[in-house]
Amino acid sequence: MNVDIRPATVDVARIREDFPILRQTVRGKPLVFLDSAASAQKPRVVIDAMRDAMETQYANIHRGLHWMSERTTEAYEGTRDAVASLMNAADRSEIVFTRNSTEAINLLAHSYGRGVMRPGQAVVVSAMEHHSNLVPWQMLRDAHGIELRIASVTDAGELDMAAFEALLADGKVGLVAITHMSNVLGTYTPAERIVQLAHAYGAKVMFDGSQAIVHRRVDVQALDCDFYAWTGHKLYGPTGIGVLYGKRALLDRMPPFLGGGDMISSVTYERSTWAEVPHKFEAGTPAILEGIGLKAAIEYVQAIGYDAIAAHEASLTDHALTRLSGVKGLTIIGRAQDRGGVVSFTLEGAHPHDVATLLDRQGIAVRAGHHCAEPLMGRFGLEGTARASFGIYTTHGEIDVLADNLERVREFFA
Amino acid sequence: MASLEPDVRDLYQDIVLDHSRHPRHGRRLAAFDATAAGDNPMCGDRVQLWVKYAADETIADVGFEARGCAISIASADLMAETVQGRSRHDARALFDAFRVLARSGECPQCDTSLAEPMERLAPLSGVHDYPSRVKCATLPWHALQAALDGTKEATSE
């Protein structure tokens with residue numbers, strides 16, 4: 001039995017040394033990077049892994065009969081093992097590499113939506129989806145006669161579970177495609193309960209875990225979800241590589257997404273046959289270097305440990321909610337009980353873009369706007385919010401800098 | 001803690017803040033000859049403006065309703081003030097000159113016959129140092145151009 005004896009704490013000062021970019025100054029001020037939910041910064045081990053591959057061990061994969069190709073294939077496929085271990089997938093073949101979460105969800109909408117679902121069935125999403133988990137389903141609805149149902153969220157920003165269950169009641173729902181953690185409200189959805197309910201009504205479940213997997217351990221077998229999508233660049237890895245986990249039996253039933261090299265078994269002028277899962281879904285030369293970088297990112301996260309990450313971020317989030325609530329005229333959007341390190345807010349008398357620009361002048365990076373969740377903004381009667389989001393390198397002191405500067409922004413526009 | 005000034009005064013000059021808080025032209029015109037909307041779907045800024053022409057075809061009045069940041073509202077108000085009494089041709093020339101000003105901070109037209117109106121728009125030149133905000137400043141101008149062209153919708157995306 002493996003006993004994890006690592007303390008559930010994070011030595012932030014030491015972690016910050018792993019991220020070269022955090023030593024940068026912006027507009028003459030130390031960088032205060034509070035936009036990790038959009039994309040996280042990269043530790044030295046990720047940078048080195050990609051550079052080392054280019055300098056010492058690189059060729060195209062899955063096809064070369066030479067040493068370089070074989071070594072590079074091993075390195076790239078090693079990432080599949082690392083991802084399977086990270087998510088506790090039952091088998092490495094259940095890990096499909098994509099460009100990002102968006103492509104993973106589009107793959108699912110195409111191959112499961114058109115290939116397995118039948119016209120007349122329905123897909124349920126929530127009212128707090130990123131556009132990447134809404135638009136592909138709208139496209140499926142329009143192309144394939146699938147009904148699209150939206151599960152409402154409460155004023156606190158939580159999934160309305162009664163409304164959610166009501167949407168499942170008629171048994172027409174083939175798939176629930178829902179965020180595991182909102183990129184705007186910070187809300188975690190009750191994943192276990194969602195899966196239980198969906199399965200009870202005969203629906204499969206896909207989680208958009210783009211945010212959640214950064215902050216919380218995801219065990220797809222314990223969760224019993226059918227699909228799980230996420231992206232490498234938010235987990236301190238490179239851009240250009242994402243993951244779709246799917247249960248093997250379901251992936252086997254799904255037709256390919258893109259056609260081309262690597263995804264075939266044999267090709268004649270007349271017809272082709274498909275490679276086995278997961279390669280059936282991986283047409284063309286993949287993001288080899290990014291895959292290698294992602295493995296380094298996963299190992300980095302696992303060395304710190306999800307318990308320590310979650311404890312650090314819970315502490316940061318509590319601190320942020322306390323400090324920001326103390327800023328006069330500031331309203332926090334989303335007050336879910338179970339939430340992570342993403343805090344959206346509005347400031348009376350100041351448009352979110354002006355807030356972001358004034359903070360930027362102080363070296364503080366936040367995001368402002370609708371955060372690719374335009375319908376959710378409408379749900380809360382807003383045009384946009386400013387959003388601070390945290391990573392493992394975020395300090396309590398940075399949140400204090402944010403809160404102090406928000407006071408100054410408020411005074412400036414008063 | 002010290003106030004934000006002077007760190008942000010390059011962009012948020014007093015005159016810009018004043019026009020954003022108290023726009024002089026922030027109203028729907030009861031009688032108008034043209035109207036158009038400007039929309040930045042990516043950031044949610046939206047402006048609707050109305051134009052009234054004089055008998056000699058010059059721009060007699062511009063009114064607007066805007067939803068957006070301080071920069072877009074101040075820019076709409078300064079634009080309305082600046083194009084009033086000018087020909088459509090001059091208004092288009094001012095847009096061209098303003099676009100250069102907003103993107104580069106430079107004002108090649110400031111030595112020409114446009115010097116006086118361009119000086120009025122100069123407080124917005126600081127936006128050039130914030131590339132993501134340039135479209136906030138140019139949105140109302142896109143809407144004005146659409147109104148002058150007789151089209152209904154414009155975007156500065």
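Couplings 3J(HN,Hα) for segment A:9-23, derived from phi with the Karplus relation 6.51 cos²θ - 1.76 cosθ + 1.60 (θ = phi - 60°), are 9, 10, 8, 5, 4, 6, 4, 4, 5, 6, 10, x, 5, 5, 8 Hz, where x marks Gly and Pro. Given in Å, the Rg to one decimal and the Dmax to the nearest whole number for the Cα atoms of segment A:47-302 are 18.5, 59. On the principal axes of its alpha carbon atoms, segment B:33-154 extends 40, 36, 18 Å, with the longest extent given first.
For segment A:29-83, applying the loop criterion from DSSP together with a ceiling of 12 other beta carbons within 10 Å to the GluC sites (Glu not before Pro) yields no site. For chain B, the relative contact order comes to 28 percent (Cα pairs under 8 Å, sequence separation of at least 6).
Taken over segment A:117-251, the percentage of Cα pairs per 10 Å bin, counting from 0 up to the bin with the maximum distance, is 12, 45, 36, 7, 0.
Against chain B, whose longest principal axis is taken from its Cα atoms, helix B:88-104 shows a tilt of about 20°. For the pair segment A:305-356 and segment A:237-281, the centres of their Cα atoms are 40 angstrom apart.
Remark: segment B:13-26, residue by residue, has Karplus-estimated 3J(HN,Hα) of 5, 3, 5, 5, 4, 5, 5, 6, 7, 10, x, 6, 10, x Hz, where x stands for each Gly or Pro and the curve is 6.51 cos²θ - 1.76 cosθ + 1.60 at θ = phi - 60°. Couplings for segment A:158-174, taken from phi via the Karplus curve 6.51 cos²θ - 1.76 cosθ + 1.60 with θ = phi - 60°, read 9, 5, 7, 5, 5, 5, 4, 5, 4, 5, 8, 4, 7, x, 8, 6, x Hz in order; Gly and Pro are left as x. Among A:Ala275, A:Ala320, A:Ala109, the largest mean-square fluctuation in a Gaussian network model of chain A (Cα springs under 10 Å) belongs to A:Ala275. For B:Ala154, the residues whose modelled amide H falls within less than 5 Å of its own, excluding neighbours fewer than 5 places apart on the same chain, are B:Ala37, B:Gly38, B:Asp39. Protection proxy ranking of B:115-122, B:88-95, by the mean of other Cβ atoms within 10 Å over each peptide's residues and highest first, is B:88-95, B:115-122. The fraction of all Cα pairs in segment B:1-100 landing in successive 5 Å bins from 0 to the largest distance is 2, 12, 19, 22, 21, 12, 6, 3, 2, 1, 0, 0, given as whole percents.
Arranged from fewest to most other beta-carbon atoms within 10 Å of their beta carbon, B:Ile71, A:Ile178 become A:Ile178, B:Ile71. Averaging the sequence gap over all C-alpha pairs within less than 8 Å and six or more residues apart, then dividing by the number of residues, gives segment A:47-302 a relative contact order of 24 percent.
Each semi-axis of the equivalent ellipsoid for the protein assembly as shown is √(5λ) with λ an eigenvalue of the Cα gyration tensor; in descending order they amount to 46, 28, 25 Å. Bridges between two residues of the protein assembly as shown, per DSSP, are antiparallel at a rate of about 65%.
FYI, it's all coordinate maths here, none of it is from the lab. None of the values given here were measured: they were computed from a predicted structure. Quick reminder, even Gly has a Cβ in these numbers, built from the backbone with ideal geometry, and neighbours come from all protein chains shown.
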